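Read the structure below first, then the notes.
The values are calculated or read from the model by the stated rules, or taken from the named source; none is laboratory data. Just so we're clear, the structure is a prediction, and the values are computed from it rather than from any experiment. Virtual Cβ from ideal backbone geometry, glycine too; neighbours counted across all protein chains shown. Heads up: the accessible areas ignore ligands, DNA and RNA and are worked out on the full protein's heavy atoms, side chains in. Shrake-Rupley method; radii C 1.70, N 1.55, O 1.52, S 1.80 Å.
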Amino acid sequence: MPDRPYLSARLRGFGTTIFAEMSALAAETGAINLGQGFPDVDGPRAVADAAIAAIRGGQNQYPPGPGILDLRRAIADHQRRFWGIQVDPEREILVTAGATEALTAALLALCEPDDEVLALEPTYDSYRAAASMAGARLVPVSLRPPGYVLDADSLRRAVTVRTRLVLLNSPHNPTGAVLSRRELEAIAEVCVERDLLVVTDEVYEHMVYEGEHIPISTLPGMAERTVTISSAGKTFSFTGWKIGWATGPAALVDAVRTAKQFLTYVSGAPFQPAIAVGLRLADTYFEELRSDLAHKRDVLCNGLESAGFEVYRPAGTYFVTAGIRRLTDEDGDTFCRHLPARCGVVAVPTSVFYEHPTDGRDAIRFTFCKRIEVLEDAAHRLKALA
Ligand code: PMP
Ligand code: GLN
């Protein structure tokens, strides 16, 4: 009898997500939670007020399948305003229950059983599970430390006759790497040559501190083969609202919508108009979000360096990956489980983002989307390790 007799083979090997597990550990021990990425302050007041007004105003029944038109228009305006991308709100945008649902629906819709999905490794945790639920197989393409740079030849070598799509993520969780134009061009070249689709997860699009965010759909030959995914959780600090979206050519978005209909049908009726308000906020909102997080990044990275970690200073996202070899012989997982008792801080082992966990055992991930005083307190506590 297997250990978990009811779990289907497609989900064998998947347990409680490490983020939930580590947040539970933080709650249990009272440690500062720099594990799961969620801010400790709410997003803009105007956006919260718009959600309250929508609830009071009766926007509480099923919204339209693709999302309310006003939000789809706001998403189209946002894509044009920030990235110069033109999308038709009527046919080329789908509102989803967070980026998570958009990603899963995309893989369910676009993959045949036994297809291969190439993804950058370390790999955000939901990708492998989503591929597996779609009957597909995730094939990792390594971003190598210390710089977490993509080797285009290894991407090219990973393509087989079974490869259906490339699942990208930039800015990249957990490393904080931001794919450069050169890296994106190399990926685009392979995709065009081998006629692959691209699903690109750009939830950290507004959190870039060095370099620039370039949506891969803006590169020649890419718009017609790319589903671009993002969400409101990170950009507006309302991770619990779960409003996300997928944009791209009508035929691809139609496929994703077909899968999405039978996952949640629709979601978040009163949050949809509120996120439309958020997407229309002035440029200063987006600039301040970025500069505030850039400062937080430096506070945490400096603290980690003084505590003896080897820090890869991230160009984007709100995560930093830190090498632990100067501090311990333990692997990252064991080290993270001992960290609350040793110094009252929770982090996430990088090993969970690898197909073979030993590959990531030398590093752990911290988030810096917390108040400055919390980051300073954490940095002070971590000094106990040095
Ligand atoms: N992709 C990445 C890379 C993420 O870090 C997250 C994080 N939370 C998600 C997708 C999921 O986003 P959402 O909460 O909108 O589902
Ligand atoms: N994306 C967040 C992280 O990487 C967590 C979201 C989740 O718990 N699924 O920490």
Q: Report, by residue number, each residue of segment 233-247 that is open to solvent by 30 Å² or more (accessible area, probe 1.4 Å), over 15 Å from Thr104 (Cβ atoms) and either assigned to a loop (DSSP other than H, G, I, E, B) or away from ligand 1 (no atom under 12 Å from the Cβ) (or both).
A: Thr239, Gly240, Trp241
(Q) Between a residue in segment 143-168 that is open to solvent by 30 Å² or more (accessible area, probe 1.4 Å) and any residue that is among the β-branched types (Val, Ile, Thr), which pairs come within a Cβ distance under 6 Å, given they are 6 or more apart or on different chains? (A) Arg156/Val190
Q. Do you know which residues across segment 115-142 are touching a residue at least 60 places away in the same chain (Cβ under 8 Å), open to solvent by 10 Å² or more (accessible area, probe 1.4 Å) and touching a Pro at 6+ places or on another chain (Cβ under 8 Å)?
A. Glu121, Tyr124, Gly135
Q. Out of all the residues in segment 132-180, which are in a strand (DSSP E or B), under 26 Å from Asp114 (Cα atoms) and more than 14 Å from the chain's Cα centre (by Cα)?
A. Arg137, Leu138, Val139, Pro140, Val141, Ser142, Leu143, Leu150, Thr163, Arg164, Leu165, Val166
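I want to confirm something. Restricting to segment 348-357 and keeping residues that are touching a helix residue (DSSP H, G or I) at 6+ places or on another chain (Cβ under 7 Å) and over 19 Å from Asn302 (Cα atoms), which single residue is farthest from ligand 1 (Cβ to nearest atom)?
Here is the first cut: in segment 348-357, the residues touching a helix residue (DSSP H, G or I) at 6+ places or on another chain (Cβ under 7 Å) are 348-354, 357.
Adding the requirement that they be over 19 Å from Asn302 (Cα atoms) leaves 349-354, 357.
Values: Pro349: 16, Thr350: 14, Ser351: 17, Val352: 13, Phe353: 10, Tyr354: 15, Pro357: 19 Å.
The residue in question is Pro357.
Anything in segment 58-103 that is within 16 Å of ligand 2 (Cβ to nearest atom) and either part of a loop (DSSP other than H, G, I, E, B) or among the β-branched types (Val, Ile, Thr) (or both)? List them, or say none.
Residues of segment 58-103 that are within 16 Å of ligand 2 (Cβ to nearest atom), as a first pass: 96-103.
Correct list: Thr96, Ala97, Thr100.
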**Q.** Among the residues listed as Val41, Val47, the single one being within 16 Å of ligand 1 (Cβ to nearest atom) and β-branched (Val, Ile, Thr)
**A.** Val47
Q) Could you say whether any residue in segment 349-364 is basic (Lys, Arg) and surrounded by fewer than 16 Cβ atoms within 10 Å (Cβ to Cβ)? A) no
**Q.** Considering residues of segment 248-299 that are within 16 Å of Thr104 (Cα to Cα), of a type in the set (A, V, I, L, M, F, W, C) and in contact with an Asp or Glu (Cβ under 7 Å, 6 or more places away or on another chain) only, the residue most open to solvent (accessible area, probe 1.4 Å)
**A.** Leu263
Q: Could you please tell me which pairs satisfy a Cβ distance under 7 Å, a separation of 6+ or placement on different chains, a first residue in segment 218-235 that is over 17 Å from Pro39 (Cα atoms), and a second residue that is part of a strand (DSSP E or B) and within 13 Å of ligand 2 (Cβ to nearest atom)?
A: Ile229/Asp201; Ile229/Gly244; Ser230/Gly244
